[in-house]
Amino acid sequence: MLSSVGLSLVVLLSVVGAATVERVEYDYYKYHPMPEITDWMSQVQKDYPDVVTIVEYGQTYEKRTIKLLKIGVSTGEKKKAIWMDCGIHAREWIAPAFCQYFVREILQAYKSDPKMQAMMMNMDFYVTPVLNMDGYIHTWKDNSTRLWRKNRSPGPTNCTCLGTDLNRNFNANWGTLGISYDCCSNIYCGTQPVSEPEAQAVTYFVGSRKEDFLCFLTIHSYGQLLLVPYGHPDFTADNYDELMKVGLGAADAIRSVHGKNYTVGTSPDVLYANSGSSRDWARMQGIPLAYTFELRDNGTFGFELPQDQIQPTCEEAYSGALHIITYAHDKTFSGAPATAATLWSMLLAVGVTSTTLM
Amino acid sequence: MATGELNPNHYQAQRAAKVVQHYLNTRYGSPYRLLGLHKVHSGNAEDVADSGRKYQLEISVQETLSNTTEKCSAEVLFPRGEQQSSPQVQALCEAHLKINTTAQEEALYQRYKMNQSLLSAQYIPDSYGHIDPDMKPFWHLCIVASSFIMLNESSENTLYNMAQVANITQLATENDQLKFDCHILLHDMVSQEIIHWKLLFTWSPQEGVKVLQMEQLPHCHDCEKPPNIN
């Protein structure tokens, strides 16, 4: 249906000879299938070419290219970075919806908010809207596939089931707690640490730049939780106090938007023990602020969160994420925000862009 | 095992409180009344020699349609023993959950009692979280019926929610009770599994929900279609 609409539009344009097109606004408050998300990414890059780049950083089991949006002002220097991934678990549709919303918000804010302008000067945002593309596509297949969680790689030879839980596959106390060695289980941790191509993509990309990352946010649903490392009850992050303080600040920010309570704590405290999560792996790499967001709701609709809740969920989650990101930025660039903002407004006044400077 | 005073936000108190939610729905739930766990205020756990583990909880529950919240005191005993046996719950709520839904229930009952074509629907909510307004009461009914299963199946190592109604089929009215066959999908947060159950139950405003049969359905992991009901 979409392609026939597109075709009619092209025909109309060539007849009318119009130079400009009234483009259909992307609906951030509906769930989108993978092809629409991919097209959206291209469109965002076209709309903001000086701050957005698409980076291909891996392949899924079914050979799809995993892409992220790198958003930030090019300064020609090595920059600090923020990582956000969504859709590691296929059925958690609100997560990719949030990544798309987040991108839209920071780009909007970039136009007029000196604070965001400063953050984009000092940092790059790496946002992966759908990490587990194969799984996500599978959940769109028909009504019976909607609740798929894992990726789509085949199990070991004797296994009649497929899929590995990507969030148990990372090299962080792999295969110890909160996992299953049964390949049919929804928490099957894989044949070995980072056996899965999707986990490998993140491990390689983030791992090769780990000193740059200030913050690693991985977005899931449901449960209304902000989880801090580690998933293993016997290990405590050395900056646990800081993680809790910033997490509680984020939960306050979330609550101030629509009154929703998000519980903050380690996974073994507030949810369950687990190992091999991307959050734990990121923290072990030395990325100081690593959080798992579990978005709405509390079990009423669960994974099938109604579309009329996309907007409020995204608004509150944005508030929470921004709190963490701002903290990470200010801690690293204390004093710099004012300088960067002043410099930026000066440059704008003179009508100079960063590309001209290069 | 955490004993004594519990952190109300931690999983032990939260899982026990969820069991209370299921219990309250089996007692008070209807097409127009559904209870959700709102908050755990405090919790306490202790081992009861040879019996199991007992939780005492102060919680708030929220009635999902009227949005009213009320406090409840509850006790949950998770039995220890070789057989897997259901938790035992006692709960006392302030207002005894007396939100008046009689008129709506009666109207629904009369409408479907006389219905020539029996109700049949699939996948509630749908993939987008949408529920037809006409189907909402039946979604609630299936949640209430599934609460009997969730209550039975709960332990300290589970956290159940009903993920979806795969199929609901109305059967011929029997003894003035509306009768339904419901294929439901439960989600257990701890194992992250989706468990399929088939339920046969009756309902009327006077009698409430009565489960006649429940059967866990094996789910074939690499199959694409759910098993046939009829």
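Could you tell me which Cys residues in chain A have no other cysteine's Cβ under 4.7 Å from their own Cβ, answering none if every one has a partner?
A:Cys189, A:Cys215, A:Cys314
How many nm is it between the label spots at A:Thr53 and A:Ser112, if each spot is 7 Å from the Cα in line with the beta carbon?
Taking the simple label geometry, A:Thr53 and A:Ser112 are separated by 3.0 nm.
Translational diffusion coefficient of the stretch A:26-353 at 25 °C, 0.890 mPa s, Stokes-Einstein with Kirkwood Rh over Cα pairs, in µm²/s as a whole number.
Result for D is 123 µm²/s.
Kindly give the semi-axes, whole Å and largest first, of the ellipsoid equivalent to chain B, taking each as the square root of 5 times a Cα gyration tensor eigenvalue.
30, 21, 15
Among the aspartates and glutamates, select those whose C-alpha is under 15 Å from the C-alpha of A:Lys80, and discard any that sit fewer than 8 residues away in the same chain.
A:Asp124, A:Glu211, A:Asp212, A:Asp330
Report D for the stretch B:103-216 in µm² per second (integer): Stokes-Einstein, Kirkwood Rh on Cα pairs, 4 °C, 1.567 mPa s. Display every interim value, and only then the final one.
Values: Rh = 14.5 Å.
Translational D for this selection: 89 µm²/s.
Ranking request for peptides B:11-23, A:200-212: highest mean number of other beta-carbon atoms within 10 Å first, then the rest in descending order.
On the way: B:11-23: 25.3, A:200-212: 17.2.
Sorting B:11-23, A:200-212 by mean packing, highest first, produces B:11-23, A:200-212.
Residue by residue through the stretch A:29-46, what is 3J(HN,Hα) from phi via Karplus (6.51 cos²θ - 1.76 cosθ + 1.60, θ = phi - 60°)? Round to whole Hz and write x for glycine and proline.
10, 10, 7, 10, x, 3, x, 5, 5, 4, 4, 4, 4, 4, 5, 4, 5, 5
Just to check I understand the Karplus step: with θ = phi - 60° and J = 6.51 cos²θ - 1.76 cosθ + 1.60, what whole-Hz values come out for the stretch A:144-156, glycine and proline as x?
Rounded to whole hertz, the list is 7, 9, 4, 9, 5, 10, 7, 7, 10, 7, x, x, x.
Step through the residues of the stretch A:73-80 one at a time and calculate ³J(HN,Hα) from phi using the Karplus curve (6.51 cos²θ - 1.76 cosθ + 1.60, θ = phi - 60°), rounding each to whole Hz and writing x for Gly and Pro.
Residue by residue, the stretch A:73-80 yields 7, 6, 10, x, 10, 5, 10, 6 Hz.
Taking the inverse of the average 1/r across all pairs of different Cα atoms in the stretch A:58-118, what Kirkwood radius in Å do you get?
Numbers: mean 1/r = 0.0724 Å⁻¹.
Roughly 13.8 Å, rounded to one decimal.
Ignoring everything except DSSP H segments at least 4 long, calculate the 222 nm mean residue ellipticity for the protein assembly as shown; use -39,500 (n - 2.57) per segment, divide by total residues, nearest 500. Display every interim value, and only then the final one.
Working: 15 runs with 195 residues, N = 588.
Helix contribution divided over all residues of the protein assembly as shown: -10500 deg cm²/dmol.
Please compute the average number of Cβ atoms from other chains found within 10 Å of each residue's Cβ in peptide B:154-165.
Working: counts 0, 0, 0, 1, 0, 4, 1, 9, 3, 8, 7, 0.
Per-residue shielding by partner chains comes out at 3.
If you take the beta carbon distance between B:Ser42 and B:Tyr128 as r and set R0 to 45 Å, what does 1/(1 + (r/R0)^6) give as a FRET efficiency, to the nearest 0.05? Don't skip to the end; give the middle numbers.
Numbers: r = 38 Å, r/R0 = 0.85.
Between B:Ser42 and B:Tyr128 the formula returns 0.75.
Translational diffusion coefficient, Stokes-Einstein: compute it for the stretch A:183-313 using the Kirkwood radius over C-alpha pairs as Rh, at 25 °C and 0.890 mPa s, and state it as an integer in µm² s⁻¹.
On the way: Rh = 15.8 Å.
For the chosen part, D equals 155 µm²/s.
Using the C-alpha atoms of the stretch B:92-132, what convex hull volume per residue, in cubic angstrom, is computed?
On the way: hull volume 5.7 nm³, N = 41.
So the per-residue hull volume is 138 Å³.
How much of the DSSP bridge set in the protein assembly as shown is antiparallel, in percent, rounded to the nearest 5? Walk me through the intermediate numbers first.
Working: 82 of 106 bridges.
So the antiparallel bridges in the protein assembly as shown amount to around 75 percent.
Could you work out which residue, out of B:Ile184, B:Ile195, B:Ile143, moves most in a Gaussian network model of chain B, that is, has the largest mean-square fluctuation with Cα springs under 10 Å?
Ranking B:Ile184, B:Ile195, B:Ile143 by mean-square fluctuation puts B:Ile195 first.
Determine the dipole magnitude for the protein assembly as shown: charges of +1 sit on the beta-carbon of Lys and Arg, -1 on that of Asp and Glu, nothing else is charged, the reference point is the Cα centre, and the result goes in debye to the nearest 20.
Working: 46 positive and 63 negative charges, 132 e Å.
That gives the protein assembly as shown a dipole magnitude of about 640 debye.
If every alpha-carbon in the stretch B:134-201 counts as one equal scatterer, what log10 I(q)/I(0) does Debye give at q = 0.27 1/Å?
Debye curve over Cα of the stretch B:134-201, log10 I(q)/I(0) at q = 0.27 Å⁻¹: -1.20.
Convex hull over the Cα atoms of the stretch B:25-95, averaged projected area in nm²? It would help to have the intermediate numbers written out before the result.
Values: hull surface 21.6 nm².
Averaged projected area of the stretch B:25-95's Cα convex hull equals 5.4 nm².
Which semi-axis lengths, in whole Å and largest first, follow from the square roots of five times the eigenvalues of the Cα gyration tensor of the stretch A:69-166?
On the way: eigenvalues 250, 48, 11 Å².
Square roots of five times the eigenvalues give 35, 16, 7 Å.
Below 22 Å, Cα to Cα, which lysines can A:Lys78 reach? Residues fewer than 8 away in the same chain don't count.
A:Lys67, A:Lys70, A:Lys115, A:Lys210, A:Lys331
Quick one: dipole size for the stretch A:26-353, taken about the Cα centre, charges +1 on Lys/Arg Cβ and -1 on Asp/Glu Cβ, in debye to the nearest 20. It would help to have the intermediate numbers written out before the result.
Values: 28 positive and 35 negative charges, 70 e Å.
About 340 debye.
Counting just the Cα atoms, what span does the protein assembly as shown cover along each of its three principal axes? Round to the nearest Å and put the largest first.
82, 67, 53
What's the average, rounded to a whole number, of partner chain beta-carbon atoms within 10 Å of each residue's beta-carbon in B:126-138?
Rounded to a whole number, the mean comes out at 4.
Ranked highest first by average number of other Cβ atoms within 10 Å, how do B:105-118, A:285-298 line up?
Working: B:105-118: 13.0, A:285-298: 22.3.
Ranking, from highest mean packing down: A:285-298, B:105-118.
What FRET efficiency comes out for A:His258 versus B:Thr64 if R0 is 22 angstrom and r is the Cβ-Cβ distance? Round to the nearest 0.05.
Numbers: r = 17 Å, r/R0 = 0.76.
Using R0 = 22 Å, I get an efficiency of 0.85.
Taking Cα pairs under 8 Å and at least six residues apart, what relative contact order does chain A come out at, in percent? Spell out each step's value before the answer.
Numbers: 683 pairs, mean separation 66.6, N = 358.
Relative contact order, chain A: 19 percent.
What does the charge add up to near A:Arg296, with Lys and Arg as +1, Asp and Glu as -1, over the other residues with Cβ less than 15 Å from its Cβ?
Numbers: positive: A:Arg91, A:Arg255, A:Lys260; negative: A:Glu92, A:Glu294, A:Asp297, A:Glu304, A:Asp308, A:Glu315, A:Glu316.
Summing Lys and Arg as +1 and Asp and Glu as -1 gives -4.
Among DSSP beta bridges lying fully in the stretch A:26-353, give the percent that are antiparallel, nearest 5. Don't skip to the answer; put the middle values down first.
On the way: 14 of 38 bridges.
Rounded to the nearest five, the antiparallel share is 35 percent.
Can you find, among A:Tyr291, A:Cys215, B:His130, the residue sitting farthest towards the positive end of the charge dipole of the protein assembly as shown, where Lys and Arg contribute +1 and Asp and Glu -1 at Cβ?
A:Cys215
Every read-out reported here was derived from the displayed coordinates using simple, explicitly stated rules and does not represent laboratory data. Here the structure is a predicted model, which is why all the values come from computation and not from measurement. With ideal geometry, Cβ positions are generated from the backbone for all residues, glycine too; neighbour counts draw on all protein chains shown.
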